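This report concerns only the one structure given below.
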Amino acid sequence: MGIRIAVLASGRGSNLVAIMHSIAEGKIDGEIAVVLSDKEEAKALEHAKNAGIAAYHVNPKAYDTKEAYEKELLRIIGEADCQLICLAGYMRILSPYFISQAHCPVMNIHPALLPAFPGLHGQRQALEYGAKVAGCTVHFVDEGMDSGAIILQKVVPVLDNDTEDTLSARILEQEHKAYSEAIQLFAQGRLEVCGRIVKVKGE
């Protein structure tokens, strides 16, 4: 069956759907075991339920502390026996507690070429800075803001007439490809982390 994946999402779930499609097409050796969201109305939960995937809204406001909330996330992920946690538009910063207590790696996708333009609105930042290329980055999550070791990146040109929406749409196409590629490399056991450098075995 391959690896079991937990997905954390807060919104529309387009990267979640792309991962689901890649699994269905045999491009990822694995399955999504559980989808968790901090937002009850997140479309990601709907996508998961429609596909027969276990999906839960875990409300941060129901917990006295961030650690208590994250402990519940980790409990559900642990019970689902996951080997990888993927953030797909999850809009909360994971604490050092979560990262240290997670029994498997955490992966994220960011709509910019890190280390440039971390944080929110990477596409807008690229446009405002006058960057000639933009793109996306799949990286492992550490205790910093978009600062973990980079797995792979995809580049798109920034056009003179680009708006935040048009650039975001082109980057999103590459996000869907990049995330699935990175997950498959992990599933195949081909990612080797040496400090900040992620090497792909067999290349």
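The values are calculated or read from the model by the stated rules, or taken from the named source; none is laboratory data. On a predicted model such as this, the values are computed, not experimentally measured, just so you know. So basically every Cβ, Gly included, is an ideal-geometry build from the backbone, and we count neighbours across all protein chains shown. Side chains included, ligands, DNA and RNA excluded: accessible areas come from the protein's heavy atoms. Shrake-Rupley method; radii C 1.70, N 1.55, O 1.52, S 1.80 Å.
Would you tally the net charge around residue 3, using a Cβ to Cβ cut-off of less than 12 Å, leaving residue 3 out, and scoring K and R as +1, D and E as -1? So the environment of residue 3 carries a net charge of -2. Which percent of Cα pairs goes in each bin when the distances of the range 43-189 are cut into 10 angstrom slices starting at zero? Calculated over all Cα pairs of the range 43-189, the distribution is 10, 35, 35, 17, 3 percent. When every Cα-Cα distance of the range 68-128 is counted in 10 angstrom steps from zero, the calculated P(r) takes the values 19, 45, 24, 11, 1 percent. Partner lysines whose Cα lies under 23 Å from the Cα of residue 201, excluding those fewer than 8 positions away in the same chain, are identified as 27, 154, 177. The residues 138, 200, sorted by heavy-atom accessible surface at 1.4 Å with ligands and nucleic acids left out, run 200, 138 from largest to smallest. Comparing 141, 156, 106 in a Gaussian network model of the chain, where Cα atoms under 10 Å apart are tied by springs, the biggest mean-square fluctuation is seen for 156. Using R0 = 22 Å, the C-beta based FRET efficiency linking residue 128 and residue 197 works out to 0.15. Hydrodynamic estimate: the Kirkwood radius of the range 8-130 over Cα pairs, inserted into Stokes-Einstein at 25 °C and 0.890 mPa s, corresponds to D of 159 µm²/s.
Of the residues 38, 165, the one with the largest accessible area comes first in the ranking 165, 38, computed with a 1.4 Å probe on protein heavy atoms. Please report, ordered by residue number, every helix of the chain (full DSSP H runs) that is 30 Å or longer along its axis going by C-alpha atoms and whose mean Kyte-Doolittle hydropathy reaches -0.5. Counting only whole DSSP H runs, the qualifying helices are 164-187. Applying 1/(1 + (r/R0)^6) with r as the Cβ-Cβ distance of residue 59 and residue 166 and R0 = 41 angstrom yields a FRET efficiency of 0.70.
For the chain, the mean residue ellipticity at 222 nm estimated from helices alone is -11000 deg cm²/dmol, where every DSSP H run of n ≥ 4 contributes -39500 (n - 2.57) and the total is divided by all residues, rounded to the nearest 500.
A simple spin-label model places pseudo-atoms 7 Å from Cα toward Cβ; at residue 149 and residue 31 they are separated by 2.9 nm.
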